[in-house]
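K.L.:
Quick one: the structure is below, questions incoming.
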Amino acid sequence: MISKDNADQNLHVLGEEYDYSKRAQWLRAAVLGANDGLVSTASLMMGVGAVNDDAKAMILTGFAGLLAGGCSMTIGEFVSVYSQLDIELAQIKRGNGMDANKKRLPSPFQAAIASAFSFSLGASVPLLAAAFIADSKVRIGVVAAATTLALVVFGGTGAVLGGTRVVRSCVRVLVGGWVAMGITFGFTKLLGSGGLSM
């Protein structure tokens, strides 16, 4: 028979094991990075594809988006989390030091690395999808399809790791990605039809 003290201890350990809030910092950076890399790169490529049939122009645009966005995301995440760290350290100092809180402090380097890796992972999906397709219309369709699949995967993965509802997360991520790609494609096509095509 399990004593009350042992039961309480087991519940405490179980609670610690499934305390998803401990994953919040790196999970936010990773999911945000992957989605941002995927959606921004796919949107750029589809925008260029709307007015230019050249595969090289589309892929170079996507690659430039990967590099520029990856650097921006990494630096921005590092600066943001470092500012948060400074605030929390100042608060601990004002409270005469609290060792328990120090274990929960955010890591700017961890957040930056997670952002860089995840952004690159997301951005590589539309690039790889477009790399070997010659026909421009098929290429745009494949990029859209690959991005849609990746959005579902990223949304579901983030939900599972964060212990939230999978379907709701997938729908939210998917709709957001479609809106971004649709707006970019549509407005670029509109501008291109007005004489600003490449």
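The values are calculated or read from the model by the stated rules, or taken from the named source; none is laboratory data. Nothing here was measured: the structure is a model prediction, and the numbers come from that model. Reconstructed Cβ throughout: ideal geometry from the backbone, glycine too, with neighbour counts over all protein chains shown.
K.L.:
From THR157, THR147, which residue is within 16 Å of LEU32 (Cβ to Cβ) and among the β-branched types (Val, Ile, Thr)? Outline the logic, then answer.
P.N.:
Values: THR147 fails: within 16 Å of LEU32 (Cβ to Cβ).
Exactly one of THR157, THR147 is within 16 Å of LEU32 (Cβ to Cβ) and among the β-branched types (Val, Ile, Thr), namely THR157.
K.L.:
Among the small types (Gly, Ala, Ser), out of contact with any helix residue (DSSP H, G or I) (no Cβ under 6 Å at 6 or more places or on another chain) and within 19 Å of PHE63 (Cβ to Cβ) - does that describe any residue in segment 169-185?
P.N.:
Within segment 169-185, not a single residue is among the small types (Gly, Ala, Ser), out of contact with any helix residue (DSSP H, G or I) (no Cβ under 6 Å at 6 or more places or on another chain) and within 19 Å of PHE63 (Cβ to Cβ).
K.L.:
Checking ILE133 against (1) part of a helix (DSSP H, G or I); (2) in contact (Cβ under 8 Å) with a residue 60 or more places away in the chain, only one condition comes out false. Which one?
P.N.:
Status for ILE133: all satisfied but (1).
Residue-wise test of (1) buried (at least 18 other Cβ atoms within 10 Å of the Cβ); (2) modelled with pLDDT of 65 or more.
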position	(1), (2)
LYS4	no, no
MET45	yes, yes
ASN52	no, yes
ALA68	no, yes
ILE75	no, yes
VAL81	yes, yes
GLU88	no, yes
ALA100	no, no
ALA111	yes, yes
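K.L.:
Moving to a separate point now. Of everything in segment 148-189, what is of a type in the set (Ser, Thr, Tyr) and assigned to a loop (DSSP other than H, G, I, E, B)? Give them in sequence order. Please lay out each step first, then the result.
P.N.:
If we filter segment 148-189 for residues that are of a type in the set (Ser, Thr, Tyr), which is where we start, we get 148, 157, 164, 169, 184, 188.
Across segment 148-189, the qualifying residue is only THR164.
K.L.:
Right, here's the next one. Which residue is nearest to VAL179 (Cα to Cα), if the candidates are limited to segment 47-79 and must be of a type in the set (D, E, K, R) and not in a helix (DSSP H, G or I)?
P.N.:
Out of the qualifying residues, it is ASP53.
K.L.:
Quick check: is even one residue across segment 148-156 surrounded by 13 or more Cβ atoms within 10 Å (Cβ to Cβ), at pLDDT 90 or above and under 24 Å from ALA57 (Cβ atoms)?
P.N.:
Looking for residues that are surrounded by 13 or more Cβ atoms within 10 Å (Cβ to Cβ), at pLDDT 90 or above and under 24 Å from ALA57 (Cβ atoms), one finds at least one in segment 148-156, hence yes.
K.L.:
So, one more: Is it fair to say ASP53 is of a type in the set (D, E, K, R) and free of Cβ contacts under 8 Å to residues at least 40 places away in the same chain?
P.N.:
Details: of a type in the set (D, E, K, R): yes; free of Cβ contacts under 8 Å to residues at least 40 places away in the same chain: no.
No, not satisfied.
K.L.:
Next up: What's the number of the only condition in (1) touching a Ser or Thr at 6+ places or on another chain (Cβ under 7 Å); (2) surrounded by fewer than 15 Cβ atoms within 10 Å (Cβ to Cβ) that THR164 fails to meet?
P.N.:
(1)
K.L.:
For the structure I just gave you, tell me whether LEU191 is in contact with a helix residue (DSSP H, G or I) (Cβ under 7 Å, 6 or more places away or on another chain), surrounded by 13 or more Cβ atoms within 10 Å (Cβ to Cβ) and in contact (Cβ under 8 Å) with a residue 24 or more places away in the chain.
P.N.:
no
K.L.:
Here's another thing I want to ask about it. Would you say SER107 is modelled with pLDDT of 90 or more and surrounded by 12 or more Cβ atoms within 10 Å (Cβ to Cβ)?
P.N.:
Judged against the criteria, SER107 is not a match.
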